[in-house]
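Beneath this line is the structure, given in structure tokens, with notes to follow.
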Amino acid sequence: MRTGVVLVLSIGLAWWIHSQPVSVQPDLKDKIAIVTGGSRGLGAGIVNALLENGMVVYATSRSGECPVAHPRCRGRAVDHSKRDQVQGLFSEVEREHGELHLLVNNAYSAIGWWQERGVLGTSFWESPVELLDQVFEVGVKAHYYAAMLAVPLMQRAGEGMIVNTNSPGCVLYALNVAYGMGKCAIDKMTADMAMELGGAGGRIQVASWWAHAPIQSEHMQHGALDGNMTSRRGIPPGAAGVVPNFSSMYPTALSGTLEFEGRALTWFVRDQERAQFSGMAVSSSMAGARYGLVDNRGIRPPSVLSLKYHLSYLVPWLWKFSHILPGTKATLPQKIWFNLIPDFEIPQFGWKLFSGVPLSVQWPDLQPIADWLRPAAALTHSHTTL
């Protein structure tokens, strides 16, 4: 009885919080945006959503292709490790428009690099040092340089937003050491840029966008993030038989969709109160809850830092329940679980406050739980579809 009352009150509180009005611009018509790494994956989802909201979007990639044929999409071939090419892009925007309203720093070369070389799952002393170069060259330094070029154009516009796509990789060990170092650099860069741009009262804001993990991208579907299922690869000790491969999470509610990421980020850009988030990490799950958004499946994927997320893959029947076949809609029970039941997300400051130096969560030993769950988990995780 008491548990039921607590659950009802939690649902009621979550509904009340999410039902509070948020002031947003009606659209972003004729405003100018640059999205680096915008031809596929997360970048493509962001580009499509910005176009739908009226923006003129310059989408960069190695190929120079737009993710969709659209009169307001400008595909540009840019290697973001080459500063002259990046300078050329911003010079073109300055000539054509004289101002810039949004920069989404999304270019990232490390995933494709480690997939080609099969180094995911190797420890730092066994990995080539070039992995660190890949993470920082087109993932940190390129973001910093693009932001440098963007601010003067935003000052001319009288407003602006810089979004650095990122992940919770700074507070959780994930994938490899170099990956975590890069994610911490992005979060720190974002916070300090906000200080120099004037904090919450500035006309130009900057945020670290913690995209859902994992996300339904080509890299994820084809196993680029799978590697060896060991504790060194970002899996808690003893949980190798429990935590599913990322590719097996593709047809589940635990993976975010490109469409949802784009919509959530676009609403965030339209938010007239976004200045309060400048310098902070903003998760797409948090933004989705703030604006009452659901994806094309009819659900809001839970945050990777939430209790709901971890219960949904650790508990065998919840893992099976979480599957949603591609191209289908969520059932009513799934909508209730993923949309109405609170995620019970652990505050980001909590992860850092209790994890100790160097501000990275030290995973507990999950061997007893793994031994208890492994028989059922092995059965359920061996299938990627129902």
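For residue 82, only one of the following conditions fails: (1) under 21 Å from residue 145 (Cβ atoms); (2) within 23 Å of the chain's Cα centre (by Cα). What is its number?
The one condition residue 82 does not meet is (2).
Any residue that is crowded, with 17+ Cβ neighbours inside 10 Å, of a type in the set (A, V, I, L, M), at pLDDT 90 or above and more than 14 Å from residue 138 (Cβ to Cβ) - is there at least one of those in the range 111-124?
There is no residue in the range 111-124 that is crowded, with 17+ Cβ neighbours inside 10 Å, of a type in the set (A, V, I, L, M), at pLDDT 90 or above and more than 14 Å from residue 138 (Cβ to Cβ).
Based on this model, can you work out whether residue 385 counts as at pLDDT 90 or above and over 22 Å from residue 261 (Cβ atoms)?
Working: at pLDDT 90 or above: no; over 22 Å from residue 261 (Cβ atoms): yes.
Here the answer is no, as residue 385 does not meet what is asked.
Please give the number of the condition residue 111 fails out of (1) closer than 30 Å to residue 202 by Cα; (2) under 23 Å from the mean Cα position of the chain (by Cα).
Only one criterion in (1) closer than 30 Å to residue 202 by Cα; (2) under 23 Å from the mean Cα position of the chain (by Cα) is unmet by residue 111, namely (1).
Determine, yes or no, whether residue 161 is touching a strand residue (DSSP E or B) at 6+ places or on another chain (Cβ under 7 Å), over 20 Å from residue 82 (Cα atoms) and among the aliphatic types (A, V, I, L, M).
When the stated conditions are applied, residue 161 passes them.
Mind listing whichever residues of the range 313-339 are in contact (Cβ under 8 Å) with a residue 60 or more places away in the chain and either within 14 Å of residue 256 (Cα to Cα) or in a loop (DSSP other than H, G, I, E, B) (or both)?
Correct list: 322, 323, 324, 325, 326, 330, 338.
From 313, 291, which residue is over 24 Å from residue 183 (Cα atoms), among the hydroxyl-bearing types (Ser, Thr, Tyr) and at pLDDT 90 or above?
Being over 24 Å from residue 183 (Cα atoms), among the hydroxyl-bearing types (Ser, Thr, Tyr) and at pLDDT 90 or above holds for just one of 313, 291, which is 291.
Tell me which residues, restricted to the range 39-67, are part of a loop (DSSP other than H, G, I, E, B) and touching a helix residue (DSSP H, G or I) at 6+ places or on another chain (Cβ under 6 Å).
53, 67
Residue-wise test of (1) assigned to a helix (DSSP H, G or I); (2) open to solvent by 40 Å² or more (accessible area, probe 1.4 Å); (3) more than 20 Å from residue 42 (Cβ to Cβ); (4) at pLDDT 95 or above.
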position	(1), (2), (3), (4)
91	yes, no, yes, yes
104	no, no, no, yes
108	no, yes, no, no
128	no, yes, yes, no
131	yes, no, yes, no
153	yes, no, yes, yes
156	yes, yes, yes, no
184	yes, yes, no, no
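Here is a yes/no grid of residues against (1) free of Cβ contacts under 8 Å to residues at least 12 places away in the same chain; (2) of a type outside the set (D, E, K, R); (3) touching a Cys at 6+ places or on another chain (Cβ under 8 Å):
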| site | (1), (2), (3) |
| --- | --- |
| 66 | no, yes, yes |
| 73 | no, yes, yes |
| 79 | no, no, no |
| 82 | yes, no, no |
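Is at least one residue of the range 312-321 open to solvent by less than 10 Å² (accessible area, probe 1.4 Å), under 15 Å from residue 252 (Cβ atoms) and either touching a Gly at 6+ places or on another chain (Cβ under 6 Å) or among the acidic types (Asp, Glu) (or both)?
No: the range 312-321 contains no residue that is open to solvent by less than 10 Å² (accessible area, probe 1.4 Å), under 15 Å from residue 252 (Cβ atoms) and either touching a Gly at 6+ places or on another chain (Cβ under 6 Å) or among the acidic types (Asp, Glu) (or both).
Could we say that residue 260 is under 17 Å from residue 304 (Cβ atoms) and part of a helix (DSSP H, G or I) here?
For residue 260, the condition - under 17 Å from residue 304 (Cβ atoms) and part of a helix (DSSP H, G or I) - is met.
Every residue in the range 186-206 that is within 21 Å of the chain's Cα centre (by Cα) and either surrounded by fewer than 22 Cβ atoms within 10 Å (Cβ to Cβ) or assigned to a helix (DSSP H, G or I) (or both), please. Full working, then the answer.
Just the residues of the range 186-206 that are within 21 Å of the chain's Cα centre (by Cα), to begin with: 186-194, 205-206.
Within the range 186-206, 186, 187, 188, 189, 190, 191, 192, 193, 194 qualify.
Exactly one of these conditions fails for residue 258: (1) open to solvent by less than 10 Å² (accessible area, probe 1.4 Å); (2) at pLDDT 90 or above. Give me its number.
(1)
Determine the pairs where a residue that is in a strand (DSSP E or B), located within the range 283-310, has a partner that is at pLDDT 90 or above with Cβ atoms under 7 Å apart, the partner being 6 or more residues away or on another chain.
From residues that are in a strand (DSSP E or B), the pairs are 283/210.
Just checking, how many residues over the range 299-319 are among the charged types (D, E, K, R) and under 17 Å from the mean Cα position of the chain (by Cα)?
1
Please indicate, with yes or no, whether at least one residue in the range 117-125 is under 22 Å from residue 283 (Cα atoms) and touching a helix residue (DSSP H, G or I) at 6+ places or on another chain (Cβ under 7 Å). Walk me through how you get there before you give the answer.
So the first thing to find is which residues in the range 117-125 are under 22 Å from residue 283 (Cα atoms), and the list is none.
There is no residue in the range 117-125 that is under 22 Å from residue 283 (Cα atoms) and touching a helix residue (DSSP H, G or I) at 6+ places or on another chain (Cβ under 7 Å).
Quick one: in the range 160-178, of everything that is over 10 Å from the mean Cα position of the chain (by Cα) and assigned to a loop (DSSP other than H, G, I, E, B), which residue is surrounded by the most Cβ atoms within 10 Å (Cβ to Cβ)?
Only one residue fits best here, namely 176.
The values are calculated or read from the model by the stated rules, or taken from the named source; none is laboratory data. Worth saying up front: this structure is predicted, and the values here are computed from it rather than measured. Every residue, glycine as well, gets a Cβ built from its backbone with ideal geometry; the counts of neighbours run over all protein chains shown. Each accessible area value is taken on the protein alone, full model and side chains, heavy atoms only, with ligands, DNA and RNA left out. Shrake-Rupley method; radii C 1.70, N 1.55, O 1.52, S 1.80 Å.
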